Amino acid sequence: MHRQSLINDFKSFYGSGMTNLDQLARIYTQDIEYRDPLRRVLGILGLKRHVKRMLLGSSQVIFQISDEQCGDNWASFTWLVSYNKAALMRDKAITLRGTTQIRFTDRIFYQENFYDLGAMIYQHIPLLGWAVRFVNKRNGH
């Protein structure tokens, strides 16, 4: 039962826009290891700084978690996140697909997110974006 409560807290935090950073201590261990294609963060304080930076300059960041698979001490999620990042696209929302894997005991001690950097950043830089979109179209993406 505790496993489902932890997973529900995790999904609620990301699904509600990550605004209540006090929830992180209930979800993650003090020595959390967080990874994504851009960074590796160690510790709960590092994760809080990362979430604050993610929200900085964004009007809203909401994750819609869909598929979920769980084991005794792990879970995997598929998600879609939408956000407005002023530095990339002033009035246009960016939508990104990805997956997350977590490992936990009583709280999450490891999280790794997988997503396409091209869809997140490179496609929104004027000249580079054109080249990435061209290659993606040729490859059927």
Seminar exercise, completed: Using a 1.4 Å probe on heavy atoms of the protein chains only, the accessible area for THR99 in Å², nearest 10, reads 50 Å²
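Could you give the length gained by full extension between MET54 and ASP31, i.e. 0.36 nm per residue of separation minus their alpha carbon distance, to one decimal place? Spell out each step's value before the answer.
Details: separation 23, 0.36 × 23 = 8.28 nm, distance 2.01 nm.
Full extension from MET54 to ASP31 adds 6.3 nm.
The values are calculated or read from the model by the stated rules, or taken from the named source; none is laboratory data. Every value quoted in this text rests on a predicted model; they were computed, and no experiment measured them. For the accessible areas, the whole protein counts, side chains as well, though only heavy atoms, and no ligand, DNA or RNA atoms are used. Shrake-Rupley method; radii C 1.70, N 1.55, O 1.52, S 1.80 Å.
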